[in-house]
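Undergrad: Questions regarding the structure given below will be posed in turn.
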Amino acid sequence: MIIYGEFSDLAVWRPGDSTWTKIGAKYASYVIYAGGVFIFIDCRFGIYLCRVQCFWDGALGKSIYQCQKRFVVDMDPYLRTGSTKNYLVYSQGKLVAINRSTDGNDGTTSVLLAEMTFKTKEVNPIKDLGKWSLFLGSNES
């Protein structure tokens, strides 16, 4: 899955496809694959789960993709801080949303982290990484 274009659309590709296929989600700022689903954060700090299903359409002679998108939680109260870059990290069964505030020249001014629980939609700000190490780049986590 990739993020592309002026409106940060999501597209999917799998072996055998000749092109990327747009799946109907816009304004994505970061996407990961974890636990059998795609998880993305949008420009409004909403986190979504996206299960992509593929069907073969014999009449069209191509694969048709459907994205079952489900809104999970609004991270805005936990992460919004101005000029930002967003990241998602899934490790050891935990989903962490990260907001890195920048000074406009890609210099980091602050980093906020929040752990989200899917089942309860509970969001907990993270104050201490403990034994974790976290490396953030301009576009990667």
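The values are calculated or read from the model by the stated rules, or taken from the named source; none is laboratory data. These numbers come from a predicted model, not from an experiment. With ideal geometry, Cβ positions are generated from the backbone for all residues, glycine too; neighbour counts draw on all protein chains shown. Please note that ligands, DNA and RNA were not included when accessible areas were found on the heavy atoms of the full protein model with its side chains. Shrake-Rupley method; radii C 1.70, N 1.55, O 1.52, S 1.80 Å.
Undergrad: Just want to confirm a number: the relative contact order over the chain, from Cα pairs under 8 angstrom separated by 6+ residues, in percent.
TA: Result for the chain is 13 percent.
Undergrad: Continuing with this model, one more query. If you compute mean projected area of the Cα convex hull in nm² for the structure shown, which of (i) 9.8; (ii) 10.4; (iii) 8.2 do you land on?
TA: It is the value labelled (i).
Undergrad: Which links in Lys22/Lys127; Lys22/Lys131; Lys22/Lys119; Lys26/Lys131; Lys85/Lys131 stretch past 31 Å when you go from one Cα to the other?
TA: On the way: Lys22/Lys127 37 Å; Lys22/Lys131 39 Å; Lys22/Lys119 28 Å; Lys26/Lys131 35 Å; Lys85/Lys131 24 Å.
Check vs 31 Å cut-off fails for Lys22/Lys127; Lys22/Lys131; Lys26/Lys131.
Undergrad: What net charge is computed for the residues neighbouring Gly93, neighbours being all others with C-beta under 15 Å from the C-beta of Gly93, Lys and Arg scored +1, Asp and Glu -1?
TA: With Lys, Arg at +1 and Asp, Glu at -1, the net is 0.
Undergrad: Apply the Karplus curve 6.51 cos²θ - 1.76 cosθ + 1.60, θ = phi - 60°, to the phi angles in the stretch 121-130 and return the couplings in whole Hz, x for Gly and Pro.
TA: Going residue by residue, I get 6, 7, 10, 10, x, 9, 9, 9, 7, x Hz, with x marking Gly and Pro.
Undergrad: Here is a follow-up. For the chain, with all protein chains present and a 1.4 Å probe, just round the carbon and sulfur fraction of the accessible area to a whole percent.
TA: Details: 4210 of 8550 Å².
Its accessible area is 49 percent carbon and sulfur atoms.
Undergrad: Note down the nm distance, to one decimal, between modelled labels 7 Å out along Cα→Cβ at Ser133 and at Thr117.
TA: A separation of 3.0 nm, rounded to one decimal place.
Undergrad: Would you look at the GNM of the chain, springs on alpha carbons closer than 10 Å, and say which of Asn124, Asn99, Asn86 moves the most?
TA: Looking only at Asn124, Asn99, Asn86, the biggest GNM fluctuation is shown by Asn124.
Undergrad: Any chance you could look up the accessible area of Arg51 with a 1.4 Å probe, heavy atoms only, rounded to 10 Å²?
TA: That residue has around 130 Å² of solvent-accessible surface.
Undergrad: Here's another thing I want to ask about it. In nm, what is the difference between 0.36 nm times the number of residues separating Thr19 and Asn124 and their Cα-Cα distance?
TA: 33.8 nm
Undergrad: Taking springs between alpha-carbon atoms closer than 10 angstrom, which of Lys26, Lys131, Lys119 fluctuates most in the Gaussian network model of the chain?
TA: Checking each option, the largest mean-square fluctuation is seen for Lys131.
Undergrad: Tell me the net charge near Phe7. Cut-off is 14 Å between Cβ atoms, Phe7 excluded, with +1 for each Lys or Arg and -1 for each Asp or Glu.
TA: 0
Undergrad: Follow-up question, since we're still on this one. Please list Met1, Met116 in order of solvent-accessible area, largest first, computed with a 1.4 Å probe with all protein chains present. Display every interim value, and only then the final one.
TA: Values: Met1 45, Met116 10 Å².
I get Met1, Met116, largest accessible area first.
Undergrad: Taking a probe of 1.4 Å, how large is the accessible area per residue of the chain, in Å²? Provide the component values of the computation, followed by the final result.
TA: On the way: 8550 Å² over 141 residues.
In whole numbers, the chain has 61 Å² accessible per residue.
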